[in-house]
Amino acid sequence: MKSLFQVGIVLAVCLAGELISEVIPIAIPTSVISMILLLALLLTKCIKPRHIERFGDFLLKNMAFFFIPAGVAIMEQFDLLKNYLLPFLLICFVTTVLTFLATAYTVKAVMAVQKKIREGKRYE
């Protein structure tokens, strides 16, 4: 029952993101809006991490399955892609490196902030 509740929370946030996406005049992907909404709910403690932890762990453990549709679509459209294979691979490589760098520096920054917070609490 707990897992069903966690799925319900995530789906409710996704539905809210979908509704917000329909209302706002700018084109922002629903998934991005939903992630921002979930982050806001977590930061304001409306949702606690334990409320979605089990479902989040399940999604992380099975993340590879979410890439299958994209891989199949690339294989289906290979006739169109083969003329642009080198630029496509170059873009994939560059964006992968940029994503790794952005993730590494974000983690580094978050760890520095957490360290400052911990040190600040020691001296209070």
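The values are calculated or read from the model by the stated rules, or taken from the named source; none is laboratory data. Note that the structure is a prediction, hence the values are computed from the model and not measured. Cβ coordinates were reconstructed from backbone atoms using ideal geometry, including for glycine residues, and neighbour counts include every protein chain displayed. We work out accessible area using only protein heavy atoms, side chains counted, and drop any ligands, DNA or RNA first. Shrake-Rupley method; radii C 1.70, N 1.55, O 1.52, S 1.80 Å.
Here are a few things to note about the model shown:
- Under 29 Å from K45, Cα to Cα: lysines that are on another chain or at least 8 residues apart: K2, K61, K108, K115, K116, K121
- GNM top mover of M111, M75, M63 - the chain, alpha-carbon springs below 10 Å: M111
- Cα-based reach from K82 at 24 Å (exclusive), listing lysines while leaving out same-chain residues under 8 positions away: none
- Here the chain exposes an accessible surface that is 74 percent carbon and sulfur, computed with a 1.4 Å probe and the other protein chains kept in place.
- Seen against the Cα atoms of the chain and their longest principal axis, helix 49-61 is set at about 30 degrees.
- Per residue accessible area in Å² of the range 51-108, where ligands, DNA and RNA are left out and the probe is 1.4 Å: 89
- Dipole magnitude (debye, nearest 20) for the chain, charges at Cβ of Lys, Arg, Asp, Glu: 860
- One entry in (i) 1.06; (ii) 1.28; (iii) 1.01 is Rg/Rh (Cα atoms, Kirkwood Rh) calculated from the shown coordinates; its label is (i).
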